[in-house]
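Structure first, then comments.
The values are calculated or read from the model by the stated rules, or taken from the named source; none is laboratory data. Note that the structure is a prediction, hence the values are computed from the model and not measured. So basically every Cβ, Gly included, is an ideal-geometry build from the backbone, and we count neighbours across all protein chains shown.
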Number of protein chains: 2
Amino acid sequence: MKQSAFISPTALRVLDAAQILIQNNGYNGFSYEDLSKMVGLRKPSLHHHFPKKEDLGATVVERYTERFVLALHEIENTYVGAKEQIQAYVDLFIDTYGATQRLCPCGMLGAEAETLPERVRAGVTAFFEFNLSWLEAVITRGEKSGTFTLRDSPDQAALLLFAALEGAMVVGRGLNRRTAVAAVGQAAILSVLTVKSTQSLQGRRNVSIE
Amino acid sequence: MKQSAFISPTALRVLDAAQILIQNNGYNGFSYEDLSKMVGLRKPSLHHHFPKKEDLGATVVERYTERFVLALHEIENTYVGAKEQIQAYVDLFIDTYGATQRLCPCGMLGAEAETLPERVRAGVTAFFEFNLSWLEAVITRGEKSGTFTLRDSPDQAALLLFAALEGAMVVGRGLNRRTAVAAVGQAAILSVLTVKSTQSLQGRRNVSIE
DNA sequence: GTCTATACAACGATAGAC
DNA sequence: GTCTATCGTTGTATAGAC
């Protein structure tokens with residue numbers, strides 16, 4: 001996972017707007033015209049920074065994945081226990097969705113995968129695989145250390161947890177229910193990981209991904 | 001939930017094609033031109049059956065919901081136990097996605113909700129609410145009868161199960177993993193419902209929704 | 001009910017001046 | 001790096017003949 005090449009301040013503003021539009025409208029649901037209104041540049045200026053829509057989409061996904069990787073490293077450095085790390089991971093989704101009701105960009109793009117340019121689609125796949133392997137590793141560690149018991153294999157538990165979080169955003173949006181991700185997140189932790197000690201989790205930090 | 005008005009055989013073929021396009025490409029990802037190629041009619045002929053794209057989208061959602069209602073009644077009439085009914089419900093998702101890798105139309109539209117015409121969006125909300133209330137009722141019954149124990153309230157368990165199934169399609173598509181829904185479905189049943197007796201489920205029927 | 005023809009806007013994208 | 005101007009294509013939708 002290498003670092004992005006240098007991106008100019010203007011290009012960053014374009015990326016920020018594009019990400020919001022992808023989260024709200026989807027890749028097929030926004031245009032350079034929409035972007036133009038948000039950023040305050042004319043369409044050809046946008047093409048100067050991202051010649052094809054495909055470039056823009058792929059860069060949004062790559063930047064989001066990089067930020068996610070950093071956030072998970074931060075979690076590893078902040079929390080020691082597997083249970084606390086999973087809780088912090090779930091909080092990432094709760095805080096991100098709860099603040100804005102915007103979908104995970106890769107969740108939206110995953111639904112649209114069939115129609116996406118190949119580079120964008122590949123980025124989404126990489127994001128999903130990274131999340132699943134991180135979750136599986138943490139869950140495996142928690143099971144081995146006896147922090148919690150599983151009713152499934154770690155990879156199945158990871159997939160269930162991840163699918164539930166991504167699905168909660170889709171369902172929450174359709175229901176117009178802001179609290180859906182929080183409800184699913186907490187229920188998933190209770191259900192997927194049978195935590196052995198019953199101590200409550202406190203000191204929850206607010207760390208959303210933009 | 002009233003029955004649809006009469007729909008001509010040609011209009012039915014248009015609806016079938018439109019549903020597949022929504023499942024694969026999303027509402028913003030298909031056009032009357034795409035539809036024209038699939039059905040073998042010219043664009044104006046399509047507009048004769050469904051004047052606005054909004055009419056087409058709303059009718060697809062309403063018909064899908066009606067079929068889903070019928071399938072759930074069928075499940076109630078076929079299986080007695082709450083556990084078997086939940087299993088049959090999950091099988092509905094497994095079979096539907098597994099056969100074609102097409103998303104649940106309402107899952108796709110839920111992601112796109114922000115950009116949808118009001119009628120279409122309302123139909124998606126109704127579909128979600130219907131599914132959640134059905135699941136909650138069955139789960140409540142299963143808990144009261146002692147078939148399984150919950151770690152959450154029935155409404156949280158229902159939301160978790162539903163979000164996991166819808167999310168599994170999105171994630172499965174992004175990963176190009178055909179078995180994602182089946183894996184999530186089985187893991188969710190194991191995790192969400194702590195089944196008391198350990199007897200295996202047999203005689204699983206294949207009942208997919210088109 | 002289906003067609004040809006067409007309106008009119010929006011789309012992604014480029015040329016070339018500044 | 002941003003702009004005006006514009007290209008060619010596709011989008012939803014309508015008029016009117018058959």
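Assorted remarks:
Listed here are the residues, each with its yes/no results for (1) more than 19 Å from A:Ile20 (Cα to Cα); (2) modelled with pLDDT under 95; (3) more than 16 Å from DNA strand C (Cβ to nearest atom).
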| residue | (1), (2), (3) |
| --- | --- |
| A:Lys53 | no, no, no |
| A:Arg67 | no, no, yes |
| A:Gly98 | no, yes, yes |
| A:Cys104 | no, no, yes |
| A:Ala111 | no, no, yes |
| A:Val120 | no, no, no |
| A:Phe128 | yes, no, yes |
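- Test: residue in region A:35-49 that is within 11 Å of DNA strand C (Cβ to nearest atom), over 20 Å from A:Ile209 (Cβ atoms), surrounded by 13 or more Cβ atoms within 10 Å (Cβ to Cβ) and charged (D, E, K, R): no
- All of (1) more than 16 Å from the chain's Cα centre (by Cα); (2) within 16 Å of DNA strand C (Cβ to nearest atom); (3) among the hydrophobic types (A, V, I, L, M, F, W, C) hold for B:Ala18 with one exception: (1).
- Listed by first and then second residue, the pairs linking a residue in region A:25-54 that is away from chain B (no Cβ under 14 Å) and within 22 Å of B:Tyr27 (Cβ to Cβ) to a residue that is in a loop (DSSP other than H, G, I, E, B) and more than 10 Å from DNA strand D (Cβ to nearest atom), with Cβ atoms under 6 Å apart and 6 or more places separating them unless they lie on different chains, are A:Glu54/A:Pro117.
- In region A:1-24, the residue that is farthest from the other protein chains (Cβ to nearest Cβ) out of those that are closer than 24 Å to A:Ala71 by Cα and polar (S, T, N, Q) is A:Ser8.
- Verdict on A:Arg173 being within 9 Å of another protein chain (Cβ to nearest Cβ) and within 17 Å of B:Cys106 (Cα to Cα): yes
- Residue count for region B:140-170, restricted to those that are of a type in the set (D, E, K, R) and within 7 Å of another protein chain (Cβ to nearest Cβ): 3.
- Of all the listed residues (A:Ala163, A:Ala188, A:Ala111), the sole one being touching a Lys or Arg at 6+ places or on another chain (Cβ under 9 Å), crowded, with 24+ Cβ neighbours inside 10 Å and not basic (Lys, Arg) is A:Ala111.
- Being away from DNA strand C (no atom under 11 Å from the Cβ), closer than 30 Å to B:Ala158 by Cβ and loosely packed, with under 14 Cβ neighbours inside 10 Å is a property that B:Val80 has.
- Of the helices (runs of 4 or more DSSP H) lying entirely inside region B:1-84, the ones with 1 or more residues being closer than 24 Å to B:Ala111 by Cβ are found at B:9-25, B:32-39, B:53-78.
- Residues located in region B:52-99, provided they are within 30 Å of B:Pro117 (Cα to Cα), out of contact with any helix residue (DSSP H, G or I) (no Cβ under 9 Å at 6 or more places or on another chain) and of a type in the set (A, V, I, L, M): B:Leu70, B:Ala99
- Unmet criterion (only one of (1) polar (S, T, N, Q); (2) at pLDDT below 95; (3) in contact with a Lys or Arg (Cβ under 9 Å, 6 or more places away or on another chain)) for A:Gln3: (3)
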